[in-house]
Each structure stands twice: as structure tokens, then as C-alpha cells.
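A.B. asks: One structure follows; several queries about it will come next.
The values are calculated or read from the model by the stated rules, or taken from the named source; none is laboratory data. Note that the structure is a prediction, hence the values are computed from the model and not measured. Here the Cβ positions follow ideal geometry from the backbone for every residue, glycine too, while neighbour counts run over all protein chains shown. Protein only, heavy atoms only, side chains kept; ligands, DNA and RNA dropped before computing areas. Shrake-Rupley method; radii C 1.70, N 1.55, O 1.52, S 1.80 Å.
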Amino acid sequence: LFFKIRNCFEPTDTSFFDFFGRLFELYVSNMLKAAVKEAKIGGYKFIDEFSYGKDQSKRSSDAYILLGKSLLIIECKSGRIRKETKLEANEKTTEEDFRKYVMKPIKQANKAYSEIISLDPEKFYGCK
């Protein structure tokens with residue numbers, strides 16, 4: 001279904017990816033909220049994406065799960081690894097996909113976390 005809808009747009013039009021990406025983030029958020037609520041082990045805290053910064057123009061990572069002093073940061077990416085990476089182990093696409101889907105999200109999450117902690121050290125209940 002994803003590809004059938006995607007093919008209705010021009011190849012250079014990214015509006016569908018933006019729309020689908022936001023739906024994917026909401027889906028992940030809803031699944032995490034439900035998992036935390038139904039967890040057999042108590043103490044989990046779900047923190048949804050939020051605005052921060054002087055003018056509230058920056059967005060946090062997509063979700064957080066806190067357990068004691070441990071914090072899991074979730075940064076959703078709706079893109080997909082290319083077939084050249086999965087099937088052919090093409091070195092160039094593997095490196096590009098790793099940067100795009102692993103390194104960039106880690107850096108993005110770390111930057112947001114660092115900025116948030118610098119503004120409000122207790123935002124994540126003292127988790128460092």
C-alpha cells in the first residue's frame with residue numbers, strides 16, 4: 001500500500017514521506033504509551049515528543065522511556081535501507097545508509113538531549 005500511494009506522487013515530491021513519517025512517529029508513540037501502561041514491571045515513565053528552547057521552536061526526540069536513572073531515547077525514521085545495501089552489500093550505499101539511518105539519528109538525539117538538559121537539568125528526573 002505504501003508504494004502504491006507513493007507512486008501517485010512525482011519522484012522528487014517528498015510531501016508524502018513527510019506525511020507518512022509523522023504518522024509513523026504517532027504510531028510508535030501510541031505503541032510505546034500502551035507498552036509502558038501495560039508493563040508488568042512498574043516504574044516506567046513515557047515522555048512524548050515536546051517543544052523546547054527559548055521560543056519553543058525546537059523539537060525533542062520522538063519519545064523517551066525512563067526507568068529509574070536509565071533513559072531510552074527513541075528517534076523514529078520512516079525511510080528504508082536500499083536494496084543495494086541489503087542484498088548486494090554495496091559498500092557505498094551501506095556507508096551512506098549507515099550514516100543516514102544510524103549515525104545521523106544518534107547525533108540528532110544526542111544534540112536534543114544535551115540542549116534540553118542544559119536548559120532544564122531535571123527534565124528527565126535527574127537522568128544523566
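A.B. asks: With the other protein chains left in place, how much accessible area per residue, in square angstrom, belongs to the chain at a 1.4 angstrom probe?
C.D. replies: Numbers: 9350 Å² over 128 residues.
For the chain, the solvent-accessible area averages 73 Å² per residue.
A.B. asks: What are the ³J(HN,Hα) values, in whole Hz, obtained from phi via the Karplus relation 6.51 cos²θ - 1.76 cosθ + 1.60 with θ = phi - 60°, for each residue of the range 59-75 in sequence order, with x given for Gly and Pro?
C.D. replies: 10, 6, 5, 5, 6, 9, 10, 10, 9, x, 9, 9, 10, 9, 9, 10, 10
A.B. asks: Also, I was wondering about something else. On the protein heavy atoms, probe 1.4 angstrom, tell me the percent of accessible surface of the range 1-102 carried by carbon and sulfur.
C.D. replies: Whole-percent figure for carbon plus sulfur exposure: 58.
A.B. asks: Pop a pseudo-label 7 angstrom from the Cα along the beta-carbon direction at both LYS54 and PHE9 and give the gap in nm to one decimal.
C.D. replies: Spacing of the two 7 Å Cα→Cβ label points: 3.4 nm.
A.B. asks: Kindly provide the helix-only [θ] at 222 nm of the chain, computed as the sum of -39,500 (n - 2.57) over DSSP H runs of four or more divided by all residues, to the nearest 500 deg cm²/dmol?
C.D. replies: On the way: 5 runs with 57 residues, N = 128.
About -13500 deg cm²/dmol.
A.B. asks: Now for a different question. Of GLY42, GLY21, GLY68, which has the largest mean-square fluctuation in a 10 Å C-alpha GNM of the chain?
C.D. replies: Among GLY42, GLY21, GLY68, the largest GNM mean-square fluctuation belongs to GLY42.
A.B. asks: Have a look at the range 35-109 and give its Rg and Dmax from the Cα atoms, expressed in angstrom.
C.D. replies: Spelled out, the Cα radius of gyration and Dmax of the range 35-109 are 16.6, 47 Å.
A.B. asks: Which residue, chosen from GLN108, ILE5, PHE16, occupies the Cα position most advanced towards the positive end of the dipole of the chain, where the dipole is computed from +1 (Lys, Arg) and -1 (Asp, Glu) charges on Cβ about the Cα centre?
C.D. replies: In the chain, that residue is GLN108.
A.B. asks: Another question, if that's okay. At a Cα cut-off below 27 Å, give the lysines reachable from LYS54, other chains included and same-chain residues fewer than 8 away excluded.
C.D. replies: In chain and number order, the partners are LYS45, LYS69, LYS77, LYS104, LYS107, LYS111, LYS123, LYS128.
A.B. asks: OK, next. In whole Å and largest first, what semi-axes does the C-alpha gyration tensor of the chain yield when each eigenvalue is scaled by 5 and square-rooted? Before the final figure, lay out the partial values.
C.D. replies: On the way: eigenvalues 182, 63, 57 Å².
Semi-axes (√(5λ), whole Å): 30, 18, 17.
A.B. asks: Now for a different question. For the range 1-58, what class follows from the C-alpha gyration tensor (a ≥ b ≥ c being the square roots of its eigenvalues): rounded when a/c is under 1.5, otherwise prolate if a/b is larger than b/c, else oblate?
C.D. replies: It comes out oblate by the Cα gyration axes.
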